[in-house]
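Participant: Here you go, one structure.
All of the numbers you see were taken from the coordinates with simple rules; none came from a lab. Just so you know, these numbers come straight off a predicted model, no measurement behind them. Methodologically, a virtual Cβ is constructed for each residue, glycine included, from the backbone with ideal geometry; neighbour enumeration extends over all protein chains shown.
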Amino acid sequence: MDQPLKQRPAIELEGVHVTLPSRAGAVAILRGIDLTVSSGEAMAVVGPSGSGKSTLLMVIGGLERATSGQVTVVGTDFGALDEDGLARLRAGKIGIVFQSFHLVPTMTAIENVALPMEFLGQDDAFAVAKEALSEVGLSHREDHFPGQLSGGEQQRVAIARALSTKPSLILADEPTGNLDQATGAAVMDLLFELKERTGATLLLITHDSDLATRCDRIVSLADGRIVANSDTKADAS
Ligand code: ADP
Ligand code: MG
């Protein structure tokens, strides 16, 4: 029997493999990932460079297809969706923040934030974008282009864009990787605060062990496999 959406895990992966072609032949990048992330949980993903963290995030975000296995995210079986369906689901339910911001350089801050909502045909895209920029403290930068903003400001625009559609799942791939310590800390405080306020699920890829321990659970990847999965709150007294 189908459970109500709210009680279903935000992420359910079963036997997920990603194998990509290369000149040297097929390369196995993810090798049998089983992972369940509860709705509202904050999950950190750690592991050495090249272990498959970004690929895992891309699969969960519908940006990369699993070669085999089952991917169910926010209650939707990705295998049943075509590219258009995946794009719509991503725009409406999943917010993604990348290390390199991924803003459109020819668009102003407010245009960048409005973009996914315009894609969804939302009439109030610009009004909501204005509010989202205000929430990240950037009302005074609405009409600036990415090139006119600092790294921390660009990442806050990217966060406003990711969260403007009120996604139930936030995916962040080393979001502070291009920021200095203090700016990165402020950006993460903002991300955790918005996550708490909206009750969204968070999957955070990070090299920073302090950040990882702020999450409820830490999953370690090595060579395309999960090698540890630990509850950070289990031993807290
Ligand atoms: P991480 O984020 O943990 O550093 P990635 O998921 O980016 O790891 O990459 C995992 C492995 O897959 C790396 O060895 C990388 O070189 C390889 N890889 C990533 N993308 C591709 C691709 N499009 N084609 C072939 N190999 C890839
Ligand atoms: Mg990566």
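Participant: Of all the C-alpha pairs in segment 1-127, what % are more than 19 Å from each other?
Facilitator: Values: 4589 of 8001 pairs.
Taking all Cα-Cα pairs of segment 1-127, the fraction more than 19 Å apart is 57 percent.
Participant: Now a separate question. Would you kindly calculate the translational diffusion coefficient of segment 67-156, applying Stokes-Einstein with the Kirkwood radius from alpha carbon pairs, for 10 °C and a viscosity of 1.306 mPa s, and quote it in µm² s⁻¹ without decimals?
Facilitator: The estimated diffusion coefficient comes to 109 µm²/s.
Participant: Once you place label points 7 Å from the Cα toward the Cβ at residue 24 and residue 83, how far apart are they in nm?
Facilitator: Calculated label separation equals 2.9 nm.
Participant: Can you give me the P(r) profile for the chain? Cα pairs, bins 10 angstrom wide beginning at 0, each as a whole percent.
Facilitator: Pairs per bin, as whole percents: 8, 32, 36, 20, 4, 0.
Participant: Here's another thing I want to ask about it. Taking the Cα atoms only, what angle lies between the long axis of helix 125-135 and the longest principal axis of the chain, rounded to 10 degrees?
Facilitator: 90 degrees
Participant: Rounded to the nearest 0.05, what FRET efficiency is calculated for residue 36 and residue 140 with R0 set to 25 Å and r the Cβ-Cβ distance? Don't skip to the answer; put the middle values down first.
Facilitator: Working: r = 42 Å, r/R0 = 1.68.
It comes out at approximately 0.05.
Participant: In terms of modelled amide H atoms, which long-range or inter-chain residues lie less than 5 Å from the amide H of residue 229?
Facilitator: For residue 229, whose amide H was placed from the backbone, the distant partners under 5 Å are 220.
Participant: Same structure, new question: Helix 109-119 against the longest principal axis of the chain: what's the angle in degrees, Cα atoms only, rounded to the nearest 10?
Facilitator: The angle comes out at about 60 degrees.
Participant: What is the diffusion coefficient of segment 166-210 in µm²/s, taking the Kirkwood radius over Cα pairs and the Stokes-Einstein relation at 10 °C with a viscosity of 1.306 mPa s? List each step's numbers first, then the result.
Facilitator: On the way: Rh = 10.9 Å.
My calculation gives 145 µm²/s for D.
Participant: Just how large is the dipole of segment 36-188 about the Cα centre, in debye to the nearest 20, putting +1 at every Lys and Arg Cβ and -1 at every Asp and Glu Cβ? Each step should come with its number before you reach the end.
Facilitator: Working: 10 positive and 18 negative charges, 56 e Å.
It comes to approximately 260 debye.
Participant: Each residue of segment 195-207 in turn: what ³J(HN,Hα) in whole Hz from Karplus with 6.51, -1.76, 1.60 and θ = phi - 60°, glycine and Pro shown as x?
Facilitator: 4, 4, 5, 8, x, 5, 7, 10, 10, 10, 8, 8, 9
Participant: Pull up all non-local amide H partners of residue 18: gap of 5 or more, or a different chain, and H-to-H distance under 5 Å with H placed in the peptide plane.
Facilitator: Residues meeting the amide H criterion: 29, 30, 31, 32, 67.
Participant: Name the residue farthest towards the positive end of the dipole of the chain from the options 221, 132, 181, assuming +1 on Cβ of Lys and Arg, -1 on Cβ of Asp and Glu, about the Cα centre.
Facilitator: Value computed over the given set: 221.
Participant: What's the angle, to the nearest 10 degrees (0 to 90), between helix 83-93's Cα axis and the longest principal axis of the chain?
Facilitator: 60 degrees
Participant: Further, regarding this structure: Cut-off 10 angstrom, C-alpha nodes, Gaussian network model of the chain. Which of 30, 211, 13 fluctuates the most?
Facilitator: Highest fluctuation among the options: 211.
Participant: Turning to a different aspect of this structure: Would you kindly derive the ³J(HN,Hα) couplings of segment 174-183 from the backbone phi angles with the Karplus curve 6.51 cos²θ - 1.76 cosθ + 1.60 (θ = phi - 60°), listing them in order in whole Hz, with x for Gly and Pro?
Facilitator: Result, rounded to whole Hz: 6, x, 9, x, 9, 10, 6, 3, 5, 5.
Participant: Using per-residue counts of other Cβ atoms within 10 Å, averaged over each peptide, order 80-87, 145-152, 216-223 from highest down.
Facilitator: Most protected by this proxy first, the peptides run 216-223, 145-152, 80-87.
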